[in-house]
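Heads up: the structure comes next, in structure tokens.
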Amino acid sequence: MAGYTSLPRIYLTALSGDAAYNLHARVGDVNHGQDMLLRLDIIQPEGWVMNANSFYDCSYLDSWFDSEESLFSISSYPPLLTQAPEYRATICAMGGRYTNSLAIGSGLAVSTSVAQPAPTVAGIANDAPHRLPYFNGNNVLGVWQTNNLSINVSSEAVLALLDFTFLDASISNLYYGGLGLAGNPRGSGFLYGLRDRGVIPSPGYSVWFQNRTMWEASEGVLMPGYVDALCFEEPFYSYLILPHEGPTDSAPDVILPALLLDDLSVKNTQSGQTVSLKTNNASIPVVLDTRSYLTYLPVNTIINLAMQVNAFYSEDVNQWLVGCDRLKNASATVNFRFDDLEISLPLSKFIAPFYYDDTTVKFPDGSAACNFLFLPSSVIGYNTLGLPFMSSIYFAVDNEGRNIAIARSNATKSGSIDFDPPASSLSTVLGPGSFENATLAESIAYITSGYIPFATSKSKPSTTLTITRVQEDDEFGDGGNVPARFSGYISDGVFVTHPSGYSTSTLPGGAPTAGSAGPSTRSHGNKIRVPFAIITSNLWREVYVLGWSSLFVLVVICAM
């Protein structure tokens, strides 16, 4: 087999107004297939798309609701409206939809049967049903399909996996399909497909993020099978991946990016004062998740943090609210410590615009309220570090050897590339190759079983902790455990605290610590809306963004 002259870099984009990272894929014919935006998906192992017969395109639903605008002024909506399938849709597709033939029209497509090759992974058959093993309980169900998958590695080249088996989802509570990267002993999925085709020696990967402010357009690079030392700042430490257990659907054999968080603290960078937010000396087992906008930690840790930043819990929407300007201008950081590695992030990374009934909310002093992107882990049943943290690090995963390495992202290295959506024809196609023949730069080395290059091991063989997912609370946000003095309610667009409300002086100053899902909403009757910070269920659903038509970004990479 012909070898590569260089290893594939898969470019990721987070569009303005969103924080999650997408890769640009094409399913079917390399030059004329169906274009998709797929989320970077590290807590499950499979590639998956949204079926065109099961989901409307979100832009089509927008147009449909606009066309029915006059009917929403009627006090009692007519059956012609309420019985329409568009009105009753609960999820729409934002990143493209899949059918075995090109989609027909703008609504639900009519699929025609197309012969497809058989899967190469034992135990998988085309059209057999399967539910994705999301540890967080995301509900994605469909059937296996096999087709060509092409993923952009530049504006003129793609990495083409012929006869790739993926899930064609007919049920989903998410708005985008995904490219799963979790370890999978069964051997299915993207990374194992690359290994079996000789592209990489082991189904590991690393990811670099540009580390911009949340909600601004940003970039990243997925590096399947290898590490690039130019993409991180020393130190680069590796840790044993923690085992996990939970509901039977969460697939105990799947390997999750889980490790121990030894401390979480807040530091005033002017005074140097640091306050630990933990309530005991025990480490906190956490799962990393690039699809979560929120960080989930023990409730007492969240309350301690709220005391330091003067955040309040909103009983109306079961979220924490904080003054936008207070955190944007704060001379303070929140610090995550993993053994000897500490990653310090500005508090402004953990806020998002907040809307209630499609309007902004203010505090009594007139200052704007932002959503504080933390919630108790009881909401989803385990501890998670989401996008505010993930977008600031470089990390590598050795799925076979069950190791994970992390470091601070190096967002200043040289090199840039203009990145367009896939053209109608692509000049270069990377197919099966032999990784032994690839020419590697000095800063690049392969991940192999039991080995993450350039990383210093901090593994503790005696560690016996297990990530356990428990049944989440019925009361979203664990509001029953938040003391009244930390909570309030929204009245006429103003967040009102209870009479016993508190205030802190940690920003700057200090306060004692405590002793002890983006989501869809409806307006215009039933129209799907996805604002930044309205949560109405036990899942933070994904933010509505524009797709292919207006996409043009500059990708900055850490090494050419």
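The values are calculated or read from the model by the stated rules, or taken from the named source; none is laboratory data. Keep in mind that what you see is a predicted model, and the values were worked out from it rather than measured. FYI the Cβ positions are ideal-geometry reconstructions off the backbone, even for glycines, and counts take in every protein chain you see. Remember, those area values only see protein heavy atoms, side chains included, never the ligands or the DNA or RNA. Shrake-Rupley method; radii C 1.70, N 1.55, O 1.52, S 1.80 Å.
Proximity of backbone amide H atoms, modeled 1.01 Å from N, is registered between N184 and I255 at under 5 Å, excluding neighbours fewer than 5 places apart on the same chain. I'd like the carbon and sulfur percentage of the solvent accessible area for segment 156-303, probe radius 1.4 Å, heavy atoms only, ligands and nucleic acids excluded. After summing per-atom areas, the C and S share lands at 47 percent. Here segment 118-199 is assigned +1 on the Cβ of each Lys and Arg and -1 on the Cβ of each Asp and Glu. Its dipole about the Cα centre then comes out at about 240 debye. Each peptide in 194-203, 383-392, 76-85 gets a packing score, the mean of other Cβ atoms within 10 Å over its residues, and the list from highest to lowest is 383-392, 194-203, 76-85.
In this structure, the amide hydrogen of N403, modeled 1.01 Å from its nitrogen in the peptide plane, lies closer than 5 angstrom to those of I241, D398, counting only residues at least 5 positions away or on a different chain.
Too long at a 22 Å Cα-Cα cut-off: which of K328/K362; K349/K460; K267/K328; K267/K362?
K349/K460; K267/K362
Dipole of segment 279-359 (Lys/Arg Cβ +1, Asp/Glu Cβ -1, origin at the Cα centre): which of Y313, A332, N300 lies farthest to the positive side? Farthest along the dipole direction, towards plus: A332.
At a probe radius of 1.4 angstrom, the accessible area of segment 274-414 per residue rounds to 28 square angstrom. Amide H contacts of G177: R39, M50, G95, each under 5 Å away and 5 or more positions distant or on a separate chain (H built 1.01 Å from N in the peptide plane; Pro and chain starts excluded).
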